[in-house]
1. Output the number of the condition that A:Arg381 fails; it satisfies all remaining conditions of (1) near RNA strand B (Cβ under 10 Å from one of its atoms); (2) buried (at least 18 other Cβ atoms within 10 Å of the Cβ); (3) not β-branched (Val, Ile, Thr).
2. Tell me, which residue of the range A:48-75 that is of a type outside the set (Val, Ile, Thr) and surrounded by 18 or more Cβ atoms within 10 Å (Cβ to Cβ) is farthest from RNA strand B (Cβ to nearest atom)?
3. Do the conditions hold for A:Lys330, that is, is it at pLDDT below 95, within 30 Å of A:His125 (Cα to Cα) and under 37 Å from the mean Cα position of the chain (by Cα)?
4. Has the range A:143-161 got any residue that is of a type in the set (Val, Ile, Thr) and more than 30 Å from A:Lys26 (Cα to Cα)?
5. Answer yes or no as to whether A:Pro337 is in contact with a Gly (Cβ under 7 Å, 6 or more places away or on another chain), more than 9 Å from RNA strand B (Cβ to nearest atom), at pLDDT 90 or above and of a type outside the set (S, T, N, Q).
6. Spot the failing condition for A:Ala141; the list is (1) closer than 17 Å to A:Pro250 by Cα; (2) surrounded by 21 or more Cβ atoms within 10 Å (Cβ to Cβ); (3) in contact with a strand residue (DSSP E or B) (Cβ under 6 Å, 6 or more places away or on another chain), and only one is missed.
7. Answer yes if at least one residue in the range A:300-314 is within 26 Å of the chain's Cα centre (by Cα), surrounded by fewer than 21 Cβ atoms within 10 Å (Cβ to Cβ) and β-branched (Val, Ile, Thr), and no otherwise.
8. Can you tell which of A:Arg259, A:Arg266 is near RNA strand B (Cβ under 7 Å from one of its atoms) and among the basic types (Lys, Arg)?
Amino acid sequence: MKFQTIKGTFDRLPEDSAKWRLVQDKAREVLERFGAGEIHTPVFEDVGVFSKAVGDSSDIVRKEMYTFTDRGGRNLCLRPEATAGMVRAYLEHGFASKPTPVKFWTFEPMFRGEKPQRGRERQFHQVGFEILGLPDALADAEIIDAGVQLLSSLGVKDYEIHLGSVGDPEDRAAYNQYLRDTLSPVLEKLSKDSQERLVLNPMRILDSKEKIDQALLLELKVKPMLEFLGAEAREHFEAVQECLKAWGIPFVIDSSIVRGLDYYRRTAFEFIHNSPEMAGCSTILAGGRYDGLAEILGGQHTPGVGWGCGAERVILAMEAEKITAPPLEKPLVYVIPLDAESMLYAQNVARAVRGIGQALCAYKVKGMGKALADAEKFGSRFAVIVGSNERETGVLSVRNVVTREQESVPFEDLVSWLSKSMISS
RNA sequence: GUGGGCGUAGCUCAGUCGGUUAGAGCGCUGCUCUGUGGAAGCGGAGGUCGCGGGUUCAAGUCCCGUCUCCCACCCCA
């Protein structure tokens, strides 16, 4: 084979479509009930939209973005995440003058040059939901509720909501300073990765997988971020929890939640799936608050909260929980021409049926047995047999593929006959 | 980006100690078979044994490199 999909990408085949369609349909249904409008931003944008929003120090910008220059010399990139583009669109189209809040939902591919693994592709797909214009904790809670509703509508149950807060920028700065002050004296005792983290992003040391790091954190009794929240951030964090409790949404406080994207403020959360098959890709939905992002993009201050939900991962989670999607529509009829002379007539039958449903017609004349077997292989409900008798009389032989009952139906009555049988079954 | 595992037909897999023309089942397809069911029988198509080099009289098999996918990291949805 000369060509194949490039690393980290995959073909989504017809046999995969039922699950994908379910995810997309439920996202639309659930999120539009929250009042979200469907939005689609371009897959490529000015690289600045993401490098500014996500942060130059983030791994996504530093080593995972697909950037390129077009023929006009423009510096572009394939979008690595959804939020920045949606905020850019919000600003560009003057959504600030629309009633507040503005809610967007989307379902789009994202691109990151990561090393592929299960549940981790270079082109992956996210459902996104954003609420723009509301600084209130109520919006944070609502957006988490929307995530819960989406997963519940898909039948996904075996997960936990981890809730944390990264505070306001000054809280985070103070905490990072605290970490540097506390850990610098013992720099040599940290793992090599964490020594780098201490310079670049000290908070990442907290969720290091290295035992020596964790032991050291314990030994030094390093305080969690949550103890550094300012009064307002703390109040906000507690208000979010109050809402969730009031709505009976279970969650666990997780002070180790660290965002890879710099624009997050205050609330940060992750929905983490429990099944062992999801090890390594257990975060199926994640998000938080990003007040300040609009200003970074050159707009006026616009608070916002949102999340992204990885479609590939949710589908893996559904498979782990043995959830199946409803099958896609099967052919209503399979038309069988019995001789070469009936071919056109048979096609006419199929064309008529397509007014109300899916119709297939055989392209070759085969033995009756083979043809009926084909009707079943294609999954059709009825086989319509067209031979010389049928052509001469205009009365078709319609056979139920499952029950094998057969009756004669005049061509002109076929569509209404089929409609009736669809209702009665 | 680092470390490890895998790779033979569309799918699931066999292939001995390195030995002649690389096999099976399923699937696809043709015929037996021009008016009623998935059968059966007999055929056919489909492979650069992931790719490239090396060792050897001889490589699917041994060695090296490389790519993919998978696993653990990094990181993330």
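1. Condition not satisfied by A:Arg381: (1).
2. Taking the candidates together, the pick is A:Lys52.
3. Working: at pLDDT below 95: yes; within 30 Å of A:His125 (Cα to Cα): yes; under 37 Å from the mean Cα position of the chain (by Cα): yes.
The answer is yes for A:Lys330.
4. So in the range A:143-161, the residues of a type in the set (Val, Ile, Thr) come out as A:143-144, A:148, A:156, A:161.
Pick out the ones that are also more than 30 Å from A:Lys26 (Cα to Cα) and you get none.
No, the range A:143-161 contains no residue that is of a type in the set (Val, Ile, Thr) and more than 30 Å from A:Lys26 (Cα to Cα).
5. Details: in contact with a Gly (Cβ under 7 Å, 6 or more places away or on another chain): no; more than 9 Å from RNA strand B (Cβ to nearest atom): yes; at pLDDT 90 or above: yes; of a type outside the set (S, T, N, Q): yes.
It is false that A:Pro337 is in contact with a Gly (Cβ under 7 Å, 6 or more places away or on another chain), more than 9 Å from RNA strand B (Cβ to nearest atom), at pLDDT 90 or above and of a type outside the set (S, T, N, Q).
6. Among (1) closer than 17 Å to A:Pro250 by Cα; (2) surrounded by 21 or more Cβ atoms within 10 Å (Cβ to Cβ); (3) in contact with a strand residue (DSSP E or B) (Cβ under 6 Å, 6 or more places away or on another chain), A:Ala141 violates only (3).
7. No, the range A:300-314 contains no residue that is within 26 Å of the chain's Cα centre (by Cα), surrounded by fewer than 21 Cβ atoms within 10 Å (Cβ to Cβ) and β-branched (Val, Ile, Thr).
8. Numbers: A:Arg266 fails: near RNA strand B (Cβ under 7 Å from one of its atoms).
None of the others qualify; the one that does is A:Arg259.
The values are calculated or read from the model by the stated rules, or taken from the named source; none is laboratory data. Predicted, not measured: the structure shown is a model, and the values here were computed from it. For neighbour counting, all protein chains shown are included, and Cβ atoms are generated from backbone atoms with ideal geometry for every residue, glycine included.
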